[in-house]
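Visitor: Dropping the structure in here first, questions after.
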Amino acid sequence: MKPKVLITHELPGDSIQKLKEIADVEILEDSNVNKAVLMEKIVDKEAIISFLGDEIDQDIIKQGNKLRIIANYAVGFNNIDVESAKKCGIIVTNTPDVLTDSTADLTWGLIMAIARRIPEGDAFVKNNLFKGWEPQLLIGQAVSGKTLGIIGMGRIGQAVARRANGFQMKVLYTKRTRLTEAEERSLNAEYCSLEELLQQSDFVSLHTPLSDATKHLIRKEQLDFMKPTAYLINTSRGALIHEKDLVEKLKAKEIAGAALDVFEDEPKLAPGLTELKNVVLTPHIGSSTIETRIQMADLAIANVIAVLQGEKPLTMV
């Protein structure tokens with residue numbers, strides 16, 4: 001009898017066919033994923049491929065008494081109770097590395113969009129408000145030659161830093177463990193404290209994992225350090241920012257703006273956020289290129305196949 005696998009959403013690409021050769025696969029409809037359904041469906045499954053929006057908590061893990069692997073279709077895994085999984089002998093995997101460039105690219109798209117007011121310009125033209133060139137029409141901020149502060153200098157942070165060199169930017173970074181001198185030279189990046197980074201940067205970009213230590217890393221106290229002309233960018237995890245505090249700062253124009261791809265209580269947004277003109281908001285699309293999403297599916301499925309066949313997974317948390 002083939003092992004049973006649950007996939008909580010449709011996956012792109014065709015690698016699922018490899019999984020179907022060795023397992024019975026059940027795929028849930030996107031609109032039908034909630035705790036009650038997962039509790040019902042997990043009972044006889046040996047593997048589950050979950051997504052960042054699926055909360056795989058202690059109850060679901062205990063209910064899945066046949067589970068051998070939880071393969072998260074994301075680089076993050078804060079939606080999974082990893083400790084409970086570990087106690088039950090269940091392997092947890094993620095999909096790192098493959099989304100580095102796509103997320104770094106979107107980060108730069110957001111930097112350009114908020115600094116140069118691209119979404120405002122698009123709406124301005126589409127609403128037939130453009131009557132010809134004007135010297136002060138939708139004036140934004142320059143990006144080239146400015147200072148970029150990167151909070152968290154892992155793979156994605158480093159990819160963002162490499163792109164900054166093309167804009168002749170000064171790159172500051174802060175990280176729990178400092179890079180080597182050789183790594184800093186290769187990235188043309190300078191290490192400093194979080195406070196110094198916030199005080200000096202024209203653009204502050206978040207690229208650190210979410211944990212108890214980093215939740216609300218950026219709140220009123222940290223926002224107070226930022227320049228009134230500075231922008232905050234987040235393509236990492238929404239809860240790194242205290243969204244209510246950010247909205248208050250944006251309303252008061254005490255920072256120039258923010259560009260966010262992730263949100264504190266996704267998909268809900270802090271009251272007032274959508275009403276602000278000095279924000280750019282995208283719906284968690286950091287890894288949303290066809291190439292990256294297929295690679296993520298390939299990796300998640302490869303992890304499941306390995307565990308079901310008694311082998312070590314490729315990317316175990």
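Laboratory data are not the source of any read-out in this text; all were calculated from the coordinates shown. These numbers were taken from a predicted model, which means no experiment stands behind them. Counting neighbours? That spans all protein chains shown, and the Cβs are built from the backbone with ideal geometry, glycine included.
Visitor: Which trypsin sites (Lys or Arg not before Pro) from region 122-173 combine a DSSP loop assignment with at most 13 other Cβ atoms within 10 Å?
Guide: Those satisfying the criteria are 131.
Visitor: Among DSSP beta bridges whose residues both lie in the chain, state the antiparallel percentage, nearest 5.
Guide: Percent antiparallel among DSSP bridges in the chain is about 5.
Visitor: Let me ask something additional. Using only the Cα atoms of the chain, what are the Rg and Dmax in Å?
Guide: Just the Cα atoms of the chain yield Rg and Dmax of 21.5, 72 Å.
Visitor: If you don't mind, there's one more thing I want to ask. What dipole magnitude, in Debye to the nearest 20, does the chain give about its Cα centre under +1 on Lys/Arg Cβ and -1 on Asp/Glu Cβ?
Guide: So the magnitude is around 440 debye.
Visitor: Given a cut-off of under 8 Å on Cα pairs at least six residues apart, what relative contact order in percent is computed for the chain?
Guide: That works out to 18 percent.
Visitor: Show me the trypsin sites (Lys or Arg not before Pro) within region 241-317 that DSSP assigns to loop and that have at most 12 other Cβ atoms within 10 Å of their Cβ.
Guide: 253, 277
Visitor: Which loop-located GluC sites (Glu not before Pro) does region 166-272 contain, where loop means any DSSP state but H, G, I, E or B and the Cβ has at most 15 other Cβ atoms within 10 Å?
Guide: Answer by residue number: 254.
Visitor: Sticking with this one: Could you give the size of the charge dipole of region 37-165 about its Cα centre, using +1 on the Cβ of each K and R and -1 on the Cβ of each D and E, expressed in debye and rounded to the nearest 20?
Guide: 420
Visitor: How big is the equivalent ellipsoid of region 52-177 along its three axes, where each semi-axis is √(5λ) from the Cα gyration tensor, reported in whole Å from largest to smallest?
Guide: So the equivalent ellipsoid measures 42, 21, 10 Å along its semi-axes.
Visitor: Now, a different point. Take the chain, mark every one of the chymotrypsin sites (Phe, Trp or Tyr not before Pro) that falls in a DSSP loop and has at most 13 other Cβ within 10 Å, then report the longest stretch left between them, sites excluded.
Guide: 134-317
Visitor: Which of the pairs 20/175; 41/268; 62/175; 35/215; 170/312 have their Cα atoms more than 31 Å apart in this structure?
Guide: 20/175; 62/175; 170/312
Visitor: A further question on this structure: Principal axes first, then extents: for the Cα atoms of region 261-317, list largest minus smallest coordinate on each axis, whole Å, largest first.
Guide: Cα extents, longest axis first: 52, 23, 13 Å.
Visitor: Straight-line reach only, C-alpha to C-alpha below 13 angstrom: list the aspartates and glutamates that residue 2 could link to, leaving out same-chain residues fewer than 8 apart.
Guide: Answer for residue 2, where 13 Å is the Cα cut-off: 21, 24, 26, 44, 46, listed by chain and number.
Visitor: Let me have the 222 nm mean residue ellipticity of the chain computed from DSSP H runs of 4+ only, each contributing -39500 (n - 2.57), with the sum over all residues rounded to the nearest 500.
Guide: -9500 deg cm²/dmol
Visitor: Which whole-number percentage describes the relative contact order of region 100-281, with Cα contacts under 8 Å and a sequence gap of 6 or more?
Guide: 20
Visitor: Also, I was wondering about something else. I need the Debye-formula profile for region 196-317: one equal scatterer per C-alpha, no solvent, reported as log10 I(q)/I(0) at q = 0.17, 0.18 1/Å, two decimals.
Guide: Computed log10 I(q)/I(0) values: -0.85, -0.92.
Visitor: What percentages make up the Cα-Cα pair-distance distribution of region 100-281 when the bins are 10 Å wide from 0?
Guide: 10, 39, 36, 13, 3, 0
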